[in-house]
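A quick write-up on the structure given underneath.
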Amino acid sequence: MTCPPTPSIPIQRKDVFSMRVGMLTSGGDCQALNATMRGVAKSLYKMFEDVEIIGFEDGYKGLIYADYHMLKSSDFSGILTKGGTILGTSRQPFKLMRVPDEFGLDKVEAMKHTYKKLRLECLVVLGGNGSQKTANLLREEGLNIVSLPKTIDNDLWGTDMTFGFHSAVEIATNAIDCIHTTAASHGRVFIVEVMGHKVGWLTLYAGLAGGADIILLPEIPYDVDMVVNAIKERTRQGKRFSILAVAEGAISKEDAALSKKELKEKKKTQVVFPSVAYEIGAMITERTGQEVRVTVPGHTQRGGEPCPFDRVLSTRLGAEAANLIREKKYGYMVAVKGDEITSVPLQEVAGRLKTIDPESAIIKEAKRVGISFGD
Ligand code: F6P
């Protein structure tokens, strides 16, 4: 099938000082997407006499189906503190990128077509893991790409920190803080389920910051007996309550030992719980007789305004992305290494997760203060 028609936008002035870039936000949103786009745009407007920024709507979908609009410099004003994304976003799974759409459209060819038709100098992609994989695919296809590390999960390989993470940590921590007072009044076990299917950075940070007694992470499969022992030990010490911070992807040792197929089969035969926290809660009640309450802050963790840390980080990452464009250094993701803002080749980032090492210092320190990881 042929590519969709792309209305052409006349180039105002194309000289060494002019620059036309495309921009999109992809995957799950987070609080600092607008702040980051602002950082890129403000820097570009400073660097080039004539800047045109074309915003693609709803992530790669806008690039595939040529849904875009020209952004004005005023679009980037007043958005530093605004959550969400002015461009909209959507999940376009990487594994389906090479699969034609329902009308037989070749998505990769369509994206290249839109890019070329618009005569973009480069495409700026703000995204998490899947989005970085697609960014790398487009790089392999010959497009000039600069990407930025977005996700509340902080699981992108190649960067110490992603923007959005600390804002989400604040919200998840606040949830645990609020639970603390009610937990103390009632003497119950409380579970706060924190976002993160494959990695537990958000749960670990929020759990530590919120003073959780037990933290369960996807990277450290738990033994339910150890979890129960930790609760019983607290009761023995006269503590009236226990708080668990549990990642969405927390998994038992037993289940972690199974193959994906075996696990799927096992789940078919079990009681279906709304989520992992409820399943763990039921096991705790069964073994301790204690009342358990579950709180799932869910998508509130991605909502609201970016925290000051993220605003600073986004501004710095955005400024560096613009710098890469000025230097025509394409095929890189801007990144944080210690206090430095740097960049890493996309092919190194794509498809690699930054998980928590169970032997890392932060886990050892947490254990030292008495936190149980159920292992
Ligand atoms: O990747 C960010 C994230 O918020 C994860 O922490 C969470 O598991 C997932 O997205 C939720 O995705 P969705 O918004 O599609 O339900």
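Quick check for me: using +1 on Lys/Arg Cβ and -1 on Asp/Glu Cβ, what's the dipole size of the chain about its Cα centre, in debye to the nearest 20? Walk me through the intermediate numbers first.
Values: 48 positive and 46 negative charges, 51 e Å.
Dipole magnitude for the chain comes out near 240 debye.
Across the chain, where is the longest run that never hits GluC sites (Glu not before Pro) in a DSSP loop with at most 10 other C-beta atoms within 10 Å?
Values: sites that count: GLU102, GLU327, GLU359.
That would be 103-326.
On full extension of the chain, what length is gained from ASP223 through VAL272, given 0.36 nm per residue of separation minus the C-alpha to C-alpha distance?
Details: separation 49, 0.36 × 49 = 17.64 nm, distance 1.98 nm.
Gain on extension, ASP223 to VAL272, equals 15.7 nm.
Dipole size in debye (nearest 20) for the range 240-369 around its Cα centre, Lys and Arg Cβ +1, Asp and Glu Cβ -1? Mind dumping the intermediate values first?
Values: 22 positive and 18 negative charges, 38 e Å.
That gives a dipole near 180 debye.
Percent antiparallel among DSSP beta bridges with both residues in the chain, to the nearest 5? Show your work: numbers first, answer last.
Details: 12 of 46 bridges.
In the chain, DSSP labels about 25 percent of beta bridges as antiparallel.
Once the piece of chain linking ASP255 and THR300 is laid out straight, how much longer is it, given 0.36 nm per residue of separation minus the C-alpha distance between them? Present the calculation step by step, with values, prior to reporting the outcome.
Values: separation 45, 0.36 × 45 = 16.20 nm, distance 2.87 nm.
Contour length minus Cα-Cα distance gives 13.3 nm.
How much accessible area per residue does the chain have, counting only protein heavy atoms and a probe of 1.4 Å, in square angstrom? Present the calculation step by step, with values, prior to reporting the outcome.
Values: 16610 Å² over 375 residues.
Here the residues of the chain average 44 Å² of exposed surface.
Given the C-alpha centroids of the range 266-282 and the range 150-206, what is the distance between them in whole angstrom?
Here the two parts' Cα centres lie 21 Å apart.
Under 1.5 on a/c is rounded, so check that first for the range 184-306, then, if it is not, pick prolate when a/b is larger than b/c and oblate when it is not; a ≥ b ≥ c are the square roots of the alpha carbon gyration tensor eigenvalues.
oblate
With all protein chains present, how much of the accessible area of the chain (probe radius 1.4 Å) comes from carbon and sulfur, to the nearest whole percent?
About 52 percent, which is the carbon plus sulfur part of the accessible surface.
Give me the percent relative contact order of the chain, please, defined on Cα pairs under 8 angstrom at least 6 residues apart.
Values: 798 pairs, mean separation 84.4, N = 375.
Relative contact order comes out at 23 percent.
Which is the longest part of the chain that has none of the chymotrypsin sites (Phe, Trp or Tyr not before Pro) sitting in a DSSP loop with at most 11 other Cβ atoms within 10 Å? Walk me through the intermediate numbers first.
Numbers: sites that count: PHE17, PHE103.
Longest gap between qualifying sites, sites excluded: 104-375.
For an R0 of 41 angstrom, estimate the FRET efficiency from the Cβ-Cβ distance between GLU265 and ASP101 and round to the nearest 0.05. The partial results should precede the final answer.
Details: r = 32 Å, r/R0 = 0.79.
Efficiency, rounded to the nearest 0.05: 0.80.
From the residues VAL169, SER185, THR159, which one has its Cα farthest along the dipole of the range 46-202 in the positive direction, the dipole being from +1 and -1 charges on Cβ of Lys/Arg and Asp/Glu about the Cα centre?
The one lying farthest along the dipole's positive direction is THR159.
How much length would be gained if the chain were fully extended between GLU121 and GLU365, taking 0.36 nm per residue of separation minus their Cα-Cα distance, in nm to one decimal?
Values: separation 244, 0.36 × 244 = 87.84 nm, distance 4.73 nm.
Going from the current span to full extension adds 83.1 nm.
Is it possible to state the helix-based mean residue ellipticity at 222 nm for the chain, with each DSSP H run of 4+ residues giving -39500 (n - 2.57), the sum divided by total residues, to the nearest 500 deg cm²/dmol? What is it? Don't skip to the answer; put the middle values down first.
Details: 13 runs with 145 residues, N = 375.
Counting only the DSSP helices, I get -12000 deg cm²/dmol.
Which value, in debye to the nearest 20, gives the size of the charge dipole of the range 64-168 about its Cα centre, when Lys and Arg are +1 and Asp and Glu are -1 at the Cβ? Intermediate results must be reported in sequence, preceding the final value.
Details: 13 positive and 12 negative charges, 37 e Å.
Here the size comes out at about 180 debye.
The values are calculated or read from the model by the stated rules, or taken from the named source; none is laboratory data. This one's a predicted model, so the numbers in the text were calculated from it and none came from an experiment. When we count neighbours, we look across all protein chains shown, and the Cβ atoms used for this are built from the backbone with ideal geometry, even at glycine. In case anyone asks, the SASA skips ligands and DNA or RNA and just uses the protein heavy atoms, side chains included. Shrake-Rupley method; radii C 1.70, N 1.55, O 1.52, S 1.80 Å.
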